[in-house]
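First up is the structure itself, then whatever we jot down about it.
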2 protein chains.
Amino acid sequence: MDDRTDLIEDRQDEVSSDIQLDLRTWLKLLTCTTLISAELRRQLREQFDFTLPRFDMLAQLDREPGGLVLTELSKRLMVSPGNVTPIMNRLLEEGYITRATSSLDRRVQIVCLTAEGRKKFRRMAKKHGQWVNAMMGGLELEERRALSGLLDRLKGNLRAGGFSDQ
Amino acid sequence: MDDRTDLIEDRQDEVSSDIQLDLRTWLKLLTCTTLISAELRRQLREQFDFTLPRFDMLAQLDREPGGLVLTELSKRLMVSPGNVTPIMNRLLEEGYITRATSSLDRRVQIVCLTAEGRKKFRRMAKKHGQWVNAMMGGLELEERRALSGLLDRLKGNLRAGGFSDQ
């Protein structure tokens, strides 16, 4: 085996170990997200008889006192408009949100939180924060800050690379 | 306001900022996972006409030359047995896996990769590694190592805390 072959093989090992690291990181990212999601789903169901997609929709609307256009709501939830409709319909039935046609453009629908929806959401959100804190709390504060910073970097890179869900 | 009230308020601010940090970290974790998953789904569909759940099932089976018992496969995929069945049936139809009844216990089903399934998986896995690498590659190697280590810590804590999907 001559030096050139050695060099090429070293380079291949390097590339390969680089990909291995990223694959392992991705699988851990996926596992953590799956475990945390599952626990939040379980708690929401048991304590509030609520689903995570319905909770997420109320969370988006809670930030927008003037309501959100349906297409924007769908975009922020990273869910297709078709999948947003059944979640929205259920929340309408329960009286937690209202839907109105825009006075400027009749094709545009605006979704708003009702007072009851806001009350329900705030009660669940408080508990939700405690559940997340209980799951992350095993890490030192410094570690959680470092993790937060690294995920910021990753998220920024994903957005910049055009890897957007829309 | 006396000193005692000050102390209580400081403590509340501390608890609250702690929860805020964890909530922001959790939302970033979820966003990164959603963006990476969506890109992998898109690439698998466009380049191989394949779905991510089918790819994940082949990935689990590729690691086990002797095959996997159906319940164990379901557990490793963190998907309920009911949701595993349609994915498995599709792969059976395509000839990428086989299913056999255990000779020791007729209630136990063992799923195996076929030679064709292994070939198909390896071809997709190579590309899959490159896609993940392309999405993570914007971070420095040191950052990716740190992220991997922190996710190990989080995953270990979640498992230890009994926050398991099963």
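Between B:R153, B:R144, the distinction of being closer than 21 Å to B:L35 by Cα and either assigned to a loop (DSSP other than H, G, I, E, B) or within 7 Å of chain A (Cβ to nearest Cβ) (or both) belongs to B:R144 only.
Scan segment B:156-166 for residues that are free of Cβ contacts under 8 Å to residues at least 12 places away in the same chain and not in a helix (DSSP H, G or I) and jot them down. Step through it out loud before you land on a result.
Quick first cut of segment B:156-166, residues free of Cβ contacts under 8 Å to residues at least 12 places away in the same chain only: B:156-164.
Scanning segment B:156-166 gives B:G161, B:G162, B:F163, B:S164.
For residues that are in contact (Cβ under 8 Å) with a residue 24 or more places away in the chain and not aromatic (F, W, Y), scanning just segment A:36-50, find the one that is nearest to the other protein chains (Cβ to nearest Cβ). It would help to see each step written out before you state the result.
Our first condition is that a residue be in contact (Cβ under 8 Å) with a residue 24 or more places away in the chain; within segment A:36-50, this holds for A:36, A:39-40, A:43-44, A:47-48, A:50.
This time we only want the ones that are not aromatic (F, W, Y), so: A:36, A:39-40, A:43-44, A:47.
Numbers: A:I36: 6, A:E39: 5, A:L40: 9, A:Q43: 10, A:L44: 14, A:Q47: 15 Å.
Selected residue: A:E39.
On the given criteria, is B:G137 more than 17 Å from A:R24 (Cα to Cα), within 14 Å of another protein chain (Cβ to nearest Cβ) and either among the hydroxyl-bearing types (S, T, Y) or in contact with a helix residue (DSSP H, G or I) (Cβ under 9 Å, 6 or more places away or on another chain) (or both)?
Values: more than 17 Å from A:R24 (Cα to Cα): no; within 14 Å of another protein chain (Cβ to nearest Cβ): yes; either among the hydroxyl-bearing types (S, T, Y) or in contact with a helix residue (DSSP H, G or I) (Cβ under 9 Å, 6 or more places away or on another chain) (or both): yes.
Criteria not met by B:G137.
Number of residues in segment A:66-97 that are surrounded by fewer than 15 Cβ atoms within 10 Å (Cβ to Cβ) and in contact with a Leu (Cβ under 8 Å, 6 or more places away or on another chain): the value is 1.
Regarding segment A:98-115, can at least one residue be identified that is assigned to a helix (DSSP H, G or I), away from chain B (no Cβ under 13 Å) and not charged (D, E, K, R)? Break it down stepwise before answering.
First, the residues of segment A:98-115 that are assigned to a helix (DSSP H, G or I): A:115.
Within this subset, residues satisfying the condition of being away from chain B (no Cβ under 13 Å) are A:115.
Now restrict to residues that are not charged (D, E, K, R): A:115.
So far as segment A:98-115 goes, yes, one or more of its residues are assigned to a helix (DSSP H, G or I), away from chain B (no Cβ under 13 Å) and not charged (D, E, K, R).
Taking the conditions (1) closer than 30 Å to B:R159 by Cβ; (2) among the charged types (D, E, K, R); (3) away from chain B (no Cβ under 14 Å) in turn, A:E64 satisfies each one other than (1).
Would you tally the residues in segment A:20-63 being aromatic (F, W, Y), crowded, with 18+ Cβ neighbours inside 10 Å and either in a helix (DSSP H, G or I) or in contact with a strand residue (DSSP E or B) (Cβ under 7 Å, 6 or more places away or on another chain) (or both)? Qualifying residue count, segment A:20-63: 2. Checked against (1) modelled with pLDDT of 95 or more; (2) closer than 26 Å to A:L158 by Cα, B:L91 passes all but a single condition, namely (2).
The values are calculated or read from the model by the stated rules, or taken from the named source; none is laboratory data. Just so we're clear, the structure is a prediction, and the values are computed from it rather than from any experiment. As a convention, Cβ positions derive from the backbone with ideal geometry for all residues, glycine included, and neighbour counts pool all protein chains shown.
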